[in-house]
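Asker: Quick one: structure below, then a few questions.
The values are calculated or read from the model by the stated rules, or taken from the named source; none is laboratory data. None of these values were measured; they are calculated from a predicted model. Here the Cβ positions follow ideal geometry from the backbone for every residue, glycine too, while neighbour counts run over all protein chains shown. Quick note on the areas: whole protein, heavy atoms, side chains included, nothing else; ligands and nucleic acids left out. Shrake-Rupley method; radii C 1.70, N 1.55, O 1.52, S 1.80 Å.
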Amino acid sequence: GAGCPLPPVPMQGGALPPEEELKATVLQLRETVLQQKETIGSQRDAIRELTGKLSRCENADGKSAAGTWKKELGKGKDTMGDLPRDPAQGIDQLSRPIFFGEPGVIFFLLVSLKHQLRANVSYAALPNDLREMLQRRLGDLERQLLSKVAELEDEKSLLHNETSAHRQKTETALNALLERGSELEKGNSAFKSPDEFKVSLPLRTNYLYGKIKKTLPELYAFTVCLWLRSSASPGIGTPFSYAVPGQANEIVLIEWGNNPIELLINDKVAQLPLFVSDGKWHHICITWTTRDGMWEAFQDGEKLGTGENLAPWHPIKPGGVLILGQEQDTVGGRFDATQAFVGEMSQFNIWDRVLKAEDIMNIANCSTNMPGNIIPWVDNNVDVFGG
């Protein structure tokens, strides 16, 4: 890749994209809610059934003990109906299987029933075998209830854990989507990969080059930035040169033979500590100001060198020719194949000021889009020659 490819959309489990994972999670949560609704419905039915059975244990004088309990529970109204007078019949009713719903309420009713039976005078009058049977049945019900409570607590804990896991997966997927959306929003206005529009010069010739249609105004400072990739040896050649009448080397960036990369201003030379011939894409920026001839050299956003006294107090002359890939010996011509650039370049921009180090770093790491205000990188601003 050439610059800063956007990271791929995070995958959940290595299979589905986040959008599908999110849909699946939402469907699972919806199913869980429907199951909980069914459970609540069945619990209501179970409470009604148990209430009916308990009401049949009402004492012989017709007073509804269950009705009293319901009032104690805040219901305020007896809706239990008439109950059999025969205690044995009540116990027989209790022996039927019960499906419990709300354990707390039922347990309260059961304990209340035991207290009522013990306190009730008619209870003492019951035959011994009926009393024992009633006690036994109540004990069974109590154990059954406690077992059901424990079972429901386990189910509740399991459901809570599953719900938490679903929520966490959903949040993770949503966060991934939000981050991706944010990246795409930035990407609309940010740096585009050099592969989208680049000048490719695969051979060392004197006839392959690009020419910038615009020329430069008079400049008292400049910043030149570009992406380039080259593995040429010895030396990558001349990424760009600017020649004006009377001065073929007004601005030149060149790595020739075994020399280091050099910046020429008005035929004066500064050696730059840049190393780019490794076949990888690199972002290069050069700044210069006529004030004391100060210069800076950046590679991949980092300042690697600085100096002064490079053509101090010399303004860059206007109206010249800007060539990509060749060194000019006369304005617009007399190229030397040994000095030609071999490789690819893109995003060649020129500003009429010294950019801040922070701006250069942001351009290099693709977090900002800053076209050159003098020469921007647009394809209708470059003519290519030679193939």
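Asker: Please give the net charge around Gly279, taking every other residue with its beta carbon less than 12 angstrom from that of Gly279, where Lys and Arg add +1 and Asp and Glu add -1. Walk me through the intermediate numbers first.
Answerer: On the way: positive: Arg229, Lys280; negative: Asp278, Glu344.
Local charge sum for Gly279: 0.
Asker: Simple spin-label model, 7 Å along Cα-to-Cβ: Val149 to Arg291 in nm?
Answerer: Label at Val149, label at Arg291, 8.3 nm between them.
Asker: With 31 Å as the cut-off, how large is the P(r) tail for segment 198-385, expressed as percent of Cα-Cα pairs? Kindly include the intermediate steps, with their values, before the conclusion.
Answerer: On the way: 1044 of 17578 pairs.
Here the tail beyond 31 Å accounts for 6 percent of pairs.
Asker: Among the listed pairs Lys148/Lys169; Lys280/Lys356; Lys198/Lys280, which are separated by more than 23 Å between their Cα atoms?
Answerer: Correct reply: Lys148/Lys169; Lys280/Lys356.
Asker: Still on this model: Per residue, how much accessible area does segment 198-385 show when a 1.4 Å probe rolls over the protein heavy atoms, in square angstrom? Walk me through the intermediate numbers first.
Answerer: On the way: 7860 Å² over 188 residues.
I get 42 Å² per residue for segment 198-385.
Asker: Take the alpha-carbon centre of segment 244-320, take the same for segment 137-167, and report the distance between them in whole Å.
Answerer: About 77 Å separates the Cα centre of segment 244-320 from the one of segment 137-167.
Asker: Under the definition of Cα pairs under 8 Å and six or more residues apart, what whole-number percent is the relative contact order of segment 198-385?
Answerer: It comes to 34 percent, rounded to a whole number.
Asker: Then there is this: Roughly to the nearest percent, how much of the accessible area of segment 286-378 is carbon and sulfur, given a 1.4 Å probe? Don't skip to the end; give the middle numbers.
Answerer: On the way: 1860 of 3870 Å².
Taking all protein chains in place, segment 286-378 shows 48 percent carbon and sulfur surface.
Asker: Would you please give the FRET efficiency between Glu358 and Trp313, computed as 1/(1 + (r/R0)^6) with r the Cβ-Cβ distance and R0 = 22 Å, to the nearest 0.05?
Answerer: Working: r = 28 Å, r/R0 = 1.26.
The value I calculate is 0.20.
Asker: Can I ask one more? Residues with beta-carbon under 15 Å from that of Leu159, excluding Leu159: net charge, scoring Lys, Arg +1 and Asp, Glu -1?
Answerer: On the way: positive: Arg30, Lys37, Lys156, Arg167; negative: Glu31, Glu38, Glu151, Glu153, Asp154, Glu155, Glu162.
Result for the local shell: -3.
Asker: Then there's this: Please report the net charge: other residues with Cβ closer than 12 Å to the Cβ of Ala364, K and R +1, D and E -1.
Answerer: -3
Asker: Order the following by accessible area, largest value first: His282, His160. Probe radius 1.4 Å; ligands, DNA and RNA are ignored. Before the final figure, lay out the partial values.
Answerer: Numbers: His282 20, His160 115 Å².
Largest accessible area first, the list is His160, His282.
Asker: Here's something else I'd like to know. What distance in nm separates the simple spin-label points at Asn258 and Ala232, each placed 7 Å from Cα in the Cβ direction?
Answerer: Taking the two extended label points, one gets 1.9 nm.
Asker: What spacing in nm lies between the two simple spin-label points modelled at Glu171 and Leu304, each 7 Å away from Cα in the Cβ direction?
Answerer: My value for the distance between the label points is 4.5 nm.
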